[in-house]
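One structure is given below, encoded as structure tokens.
The values are calculated or read from the model by the stated rules, or taken from the named source; none is laboratory data. What you see is a predicted model, and the numbers here were worked out from it, not measured in a lab. Cβ sites come from the backbone with ideal geometry, for glycine too, and all protein chains shown count toward neighbours. Please note that ligands, DNA and RNA were not included when accessible areas were found on the heavy atoms of the full protein model with its side chains. Shrake-Rupley method; radii C 1.70, N 1.55, O 1.52, S 1.80 Å.
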Amino acid sequence: QFQLAVPVAVVFAPGSVPGDLPRPLPFRDVQEMEISVNLRTRITSRYEMVCRSTTAQEEAALDVATAREADAALRPLQDASLGSLTVYVVPETSSLLPQGISVYVGKHRSALVRAGGDLAALRTRLQQLTQVMSFTASSIAAALSDRVPDGQLGPDARRHLKSSLGYEITFSLLNPDPKSHAVDWDIEDAVNRYVQPVLDKLSLLANFSVDSQILYYAVLGVTPRFDKESSSFLLSAHSLPHVINPVEARLGSSAASLYPVLNFLLYVPERSHSPLYIQDKDGAPVSTNAFHSPRWGGIMVYNVEAPASPQASLPLHVDVDMVRVMEVFLAQLRLLFGLSREELPPEFLVESPGNEGLADWELDRLLWAHTVENIVTVSTTLTSLAQLLDKIGNIVIKDDVASEVYRAVASVQNAMAKLATGHLHSAFQASKEAVTSSERAFFDPSLLHLLYFPDDQKFAIYIPLFLPMAVPILLSLAKIVREARQHKKEPTKMD
């Protein structure tokens, strides 16, 4: 039974305090909400709100022209611990927020909210906002997708990657026609410029490794359809699933990987199938000319302009526009980590995270989901181990395996306690330690060989060994018994 506590500071600027506020500032307020996952798993979320007035420094920071400037100025003045939120309530007439916008979500862990007249309207806005910036019932259900009945899950619940201690990212350039196209991509510079800032932010979540490769004569495995009207080739939505398997056989990245692999493929169509466009389910062309596969990665088709003169020498030199490519791949990376923006009311304005790829509160949102997922994973692993030990009675548990189990249980209990007190960072670290310990215990080599050695296999192995020896021994025993019986029947001689 989870208890997730979110510390929220609600700071009222001068002129924004509702008239029907129940108590004078400052005061504490707690709002609870229950998320029912299934019959055995229940999650209680507690929003522990501290309501107070602005300080002189915060008033000065709010006295700027735009909400973006206020967000930057307020950052040093607020609680920067993971999972905490600071909401600044500004007067209804404030010019900080644009016309028609009542809630502004910044890049860090703060937001601006219009007072909204009475307390009921303010509470509604605060409830919506705190769920957007921490977790919702759908994000927790997606984290616990293995335990939630299929009917209760949204369409995107199984799209994101499962929680892991590490991820491997592979960028691949597929050039099926090197005789016609000499493709050059500056992938190292593009990764350093666009991908690395995102991974630096996500480094708290897991370890990442990035590599790249160029594959020649690698085709998609699906023949595109020629469209006479547009004089182009088309890949329809229903044929896209058949593209991945033939390509994946050439990638070779997941064969020796301990961690999940994210594949991002840039495909330059061969000259005979160029230009190539991807269609959606309605038959309309996809604007990015790319698609992504849940928990696997994404593929982008990069068309090369035909030469102006037919006599142009081959191969054509192609310089890939890495800005356009990385925009698509980073958007797909966000989708794979479950960072897609949920549908928000029109009065919400969310600041773009900029070069970092994700806002601080989005990182917190990931940590909430992954912490819960890690705890449930440990629970499942240890339950499976216990069931296994019940089935195999003669299994030997070494002291180091037992200590890993004890350590996993203690770490899970620590993570649960930290979640209940709102310490997200230490809860996540404890959940990672619990996952590591439980996996070590479950896959310990001393247990592993006994998993595949049940009793029927023992009989199959030992009978051919002992039966040849047992036959003469049994015959000798039978002869001894027979002679002993005859000896008893014979009358004893009396002198």
Take every DSSP beta bridge with both residues inside the chain and express the antiparallel ones as a percent of the total, to the nearest 5.
-> 30
Computed for the chain: size of charge dipole around the Cα centre, +1 on C-beta of each Lys and Arg, -1 on C-beta of each Asp and Glu, debye to nearest 20, value 2100
Sorted by accessible area (1.4 Å probe), largest first, how do 288, 170 line up?
-> 288, 170
Could you sort 84, 426, 36 by accessible area so the largest value comes first, with the probe set to 1.4 Å?
-> 36, 426, 84
Long-range HN-HN contacts of residue 267 with modeled amide H, under 5 Å | 174, 300, 301, 302
Of the candidates 464, 5, 141, the farthest towards the positive dipole end of the chain (Lys/Arg Cβ +1, Asp/Glu Cβ -1, centred on the Cα centre) is 464
Estimated vicinal HN-Hα couplings, Hz - the stretch 332-339 in sequence order (Karplus 6.51, -1.76, 1.60; Gly, Pro = x) | 5, 4, 4, 4, 5, 9, x, 9
Probe 1.4 Å, accessible area per residue of the chain, Å² = 53
Pop out the carbon and sulfur fraction of the accessible area of the chain as a percent, whole number, probe 1.4 Å.
-> 55
Where the eigenvalues come from the Cα gyration tensor of the stretch 180-264, what are the semi-axes √(5λ) of the equivalent ellipsoid, largest first, in whole Å?
-> 30, 17, 14
Over the chain, the sum of -39500 (n - 2.57) across DSSP H runs of at least four, divided by residue number and rounded to 500 deg cm²/dmol, gives at 222 nm -12500 deg cm²/dmol
Longest exposed-loop-site-free stretch of the chain, with chymotrypsin sites (Phe, Trp or Tyr not before Pro), DSSP loop and at most 14 other Cβ within 10 Å?
-> 218-442
For the stretch 76-86, in order, what is each residue's ³J(HN,Hα) by Karplus, 6.51 cos²θ - 1.76 cosθ + 1.60 with θ = phi - 60°, in whole Hz (x at glycine and Pro)?
-> x, 9, 10, 5, 9, 5, 4, x, 8, 10, 10
Note the angle between two axes, namely the Cα long axis of helix 399-421 and the longest principal axis of the Cα atoms of the chain, as a number of degrees from 0 to 90, rounded to the nearest 10.
-> 30
Rounded to whole Hz and in sequence order, give me ³J(HN,Hα) for the stretch 368-385 from the Karplus expression 6.51 cos²θ - 1.76 cosθ + 1.60, θ = phi - 60°, writing x for Gly and Pro.
-> 4, 5, 5, 5, 4, 5, 4, 4, 5, 4, 4, 4, 5, 5, 5, 5, 4, 5
Taking amide H positions as placed in the peptide plane 1.01 Å from N, state which residues far from residue 12 in sequence (5 or more) or on other chains have amide H under 5 Å from it.
-> 52, 53, 54, 89
Whats the longest run of the chain with zero trypsin sites (Lys or Arg not before Pro) that are DSSP loop and have at most 16 other Cβ atoms within 10 Å?
-> 41-146
Enter the angle in degrees (range 0 to 90, nearest 10) between the Cα long axis of helix 424-442 and the first principal axis of the Cα atoms of the chain, meaning the one along which they spread out most.
-> 20
Rel. contact order, % - alpha carbon contacts under 8 angstrom, at least six apart, the stretch 360-447 = 42
Residues whose built amide H sits under 5 Å from the amide H of residue 316, excluding neighbours closer than 5 in sequence, are 181, 182
Express the relative contact order of the chain as a whole percentage, based on alpha carbon pairs under 8 Å and six or more residues apart in sequence.
-> 16
Calculate how many DSSP beta bridges within the stretch 233-354 are antiparallel, expressed in % of all such bridges and rounded to the nearest 5.
-> 40
